[in-house]
Amino acid sequence: MSENNFKTPLEAWSAFSAGEAKGYAVDIAAELGLTEGELVAAGIGNNVVRLDADWGDLIKRLEELGEVKILTRNPSVVHEKIGTFGKVSINGEMGLVLNGDVDLRLFLGRWGHGFAVETNNPRAGRRRSLQFFDHEGKAIHKIFLTDNSNAAGYEALVAEFRAGNQEPGIETLPPLPKAVTRKDEDVDVENLRAHWRKMTDVHQFHSLLKDFNVGRQQGMRLVGTEFAERLTNDSLKTMLESASESGLPIMVFVGNAGAIQIHTGPVNTIREMGDWINVMDPRFTLHLRMDMIAEAWIVRKPIREGVVTTVELYDADLNNFAIFCGERAPKEPENPAWQKLAEGLPRFDAAKQAVAE
């Protein structure tokens, strides 16, 4: 049931940008059967400017904004960090930003639309941002000015990358077809295990799955308990609260088709609110819907220095939506305190067995 009963995208955008609509932009768009990108594009000429750029060229200039808040999300989780851009490298469609708090992996071939957006909110006040969407109109990445940002730098960038076409609206593409993976019975599981065992770097994991044409969760199911075990869905809460209590620095990866955003460091303030579990720290916030966790897994990936242990979350469509691991410097072994925490999380099969008994 609609919260707002808007009749047109422009009406919806005008109310949202003025702080008079209920809900987030993505939810307001869904009420109208639109993607968030389509809703924002309806506001072009009304606090929205269409941008036109080789996105890599624009990203290289974001350091000029000074301190910003960056946001990457998917339907299950929102990841926000405060920091500055810098140490940007663009190699074709791949982008890296490795500037401490701003730690991003960017897949620029998926970036379809960019906008400079201004909204006003009775509580938050004036908010200016750069927002990027994929070819379907789904949000990829957002960059918000803070009180410490270089507002003049923002205005200069918007003027420089302003598109000639400022007519409202965007053309969107239908979703890409889902990857077709091999059936379980067609996978040479012993060979998969053998190659998994021979990994020497965590970045080989994606290639391993691709070589065997298996999905991520499928690979975990098939490889066996030496390398992957299913956890109870509440293990995430246990893990976050334990890391908070001990001060253990962790890494939190959240991504979508166009961007992965990473937090490295402690997580201090953990708050559970209804279906949401939240990290509410001054320079890092995480908002994760626990009811979207269909499966949680502990995964062990061999490296030269030993093993990297990850805790991975999957939604009902078995899409990976968040990954957690211990902070680790390159070519260093995994922090044994993280390994102990992760290995101590409750297993799904044990919980199921306990219920049966």
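The values are calculated or read from the model by the stated rules, or taken from the named source; none is laboratory data. Just so it is clear, the structure is predicted and the values come from calculations on it, not from any experiment. Note: ideal-geometry Cβ built from the backbone for every residue, glycine included; neighbour counts use all protein chains shown. Note: areas computed on protein heavy atoms with side chains; ligands, DNA, RNA excluded. Shrake-Rupley method; radii C 1.70, N 1.55, O 1.52, S 1.80 Å.
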Pick out, in residue order, every one of the trypsin sites (Lys or Arg not before Pro) in segment 252-307 that is DSSP loop and has at most 12 other C-beta atoms within 10 Å; say none if there are none. R304
Angle check, please: helix 151-160 long axis (alpha carbons) against the longest principal axis of the chain (alpha carbons), in degrees 0 to 90, nearest 10. 80
Rounded to the nearest 500, what is the 222 nm mean residue ellipticity of the chain from helices alone, with -39500 (n - 2.57) per DSSP H run of 4+ residues and division by all residues? -7000 deg cm²/dmol
Hydrodynamic radius (Kirkwood) for segment 24-125, which is based on Cα pairs only, to one decimal in Å: 15.3
Could you compute Rg(Cα) / (2.2 N^0.38 Å) for segment 253-330, with N its residue count? 1.19
Please go through segment 119-154 and write out the trypsin sites (Lys or Arg not before Pro) that DSSP classes as loop and that have at most 13 other C-beta atoms within 10 Å. R123
With a 1.4 Å probe and every protein chain kept in, tell me what percent of the accessible surface of segment 1-84 is carbon plus sulfur. 50
Check each of the GluC sites (Glu not before Pro) in segment 36-75 and keep only those in coil by DSSP with at most 11 other C-beta atoms within 10 angstrom; list them in order. none
Which lysines, if any, have their Cα less than 19 Å from the Cα of K237, not counting same-chain residues under 8 positions apart? K340, K352
Taking N as its residue count, the alpha carbon Rg of the chain over 2.2 N^0.38 Å: 1.04
Could you put E327, E118 in order of accessible surface area, largest first, with the 1.4 Å probe and the full protein assembly present? E327, E118
